[in-house]
Structures are given as C-alpha cells and as structure tokens.
Amino acid sequence: MPDLSTGNAASQWLASAGTSFALITLAEFGDKSQLVCMTLAARHRGLPVAAGALSAFALLNLLATLFGAAVAAWLPEWLITAAVATLFAAFGISALRYQEDDEEEACPDKPGHGIFATTFLLIFLAEFGDKTQIAVAGLSSTQATTAVWCGATLALAGTSLIGIYAGRRWLKRLPLAWIHRVSGALFLLLAAFALSRLF
C-alpha cells in the first residue's frame, strides 16, 4: 500500500515551491534587477552576467529563508539605499562618459570574473532587504524552507535570463556608444529611484 503521508508531503512541497515561484516572478518582472541584467548583458558577455545574478539571488534567498526579515535589520535601511544609489550612479556616469576611442575595450575583451563580480555586487546591494527578500522570508516562516528557496531562486533566475536575453537580442543591435548611453541613463534612473526612497 502506498505511503499517503509521503505523497502529501511531496504535494505540499511542490505547492509551496509553485506559490513562491509565481509570487516572486510577478514581483520581479520588470523590476530593477531585471533591468540591471538587461543593460549589463548588452555591454558584456551573457554567461558571467547570468552567473553573477544567479549567485547573488541564491545567497539572498538563503539569507532570507534562514534569518527572515531580521537580515535586513542588520544595517539601517537608509545606509543600504544610499549605497545602492551611489553604485548605480557611478555605473551610470561611467557608461555616459564612454568615448568612441574606447572601442578597443569592447565587451568580449573584458575579463569574465570582473563582469561576474560587478553583476553580483549590483544585484546583491539592490535586492538586499528589498520587497522580494522580505516576501521570501515571510513565505519561509509558514512553508517549507527548501521549497520557498527553490521556487524563489528559480523565479529570479528566470526573470534574470529573460533580461539577459533581451539585452543581448535587442540592445546589442545598437551601436556601442548608444548601448553605453542607454545603460547609463537606466542606471541613473535606478539611482534616482533609490534616492527617492530616502525621502
């Protein structure tokens, strides 16, 4: 006779993972992390961007499921927000200052570990203590921790890969100077949005 309790546990695990996946996908679609992936992928190779984003999300979700919303309380919210705004502004200004003479520094020549670290840092700071991480923490307090982590991480991986695909497919068709202008403008908009949360 089949063990019904095992079947029920598996069904509950899948239901929790599915709920987490659906909620986080809806929350992140078109959010700043997806825009970061899109703009970085237009200027750099897609693989290190994807690896950096997925590593950041996996760690953020692990922190959220293990420690809950208390993780975000380790540092003042204004300090995290100011760091995010500063980082986005720096990348935006750097991109806007691009000159055609820099053509030899095109993205295929940039080291993958540098792109990975840049993506990881941007995503980690931008999403630390964000609504998505708090939602993951809330879900994990009432549902299976591993299910919530798997569902949320798969959702964030999916939205990031869509952003990377869009950046490589559409933004990549623009001349390199225009790619820098578009990405610079987007980063400055994200910086302004982050600053607006301080007031």
Residues in the stretch 46-59: is at least one in a helix (DSSP H, G or I), under 20 Å from the mean Cα position of the chain (by Cα) and at pLDDT below 70? no
Would you please name the residue that is surrounded by the fewest Cβ atoms within 10 Å (Cβ to Cβ), looking only at residues in the stretch 22-45 that are closer than 15 Å to A166 by Cβ and among the hydrophobic types (A, V, I, L, M, F, W, C)? F29
Picking from A144, A185, the residue that is crowded, with 19+ Cβ neighbours inside 10 Å, more than 13 Å from S33 (Cα to Cα), modelled with pLDDT of 70 or more and more than 18 Å from the chain's Cα centre (by Cα) would be A144
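The values are calculated or read from the model by the stated rules, or taken from the named source; none is laboratory data. Note that this is a predicted model, so its numbers are computed, not measured. Virtual Cβ from ideal backbone geometry, glycine too; neighbours counted across all protein chains shown.
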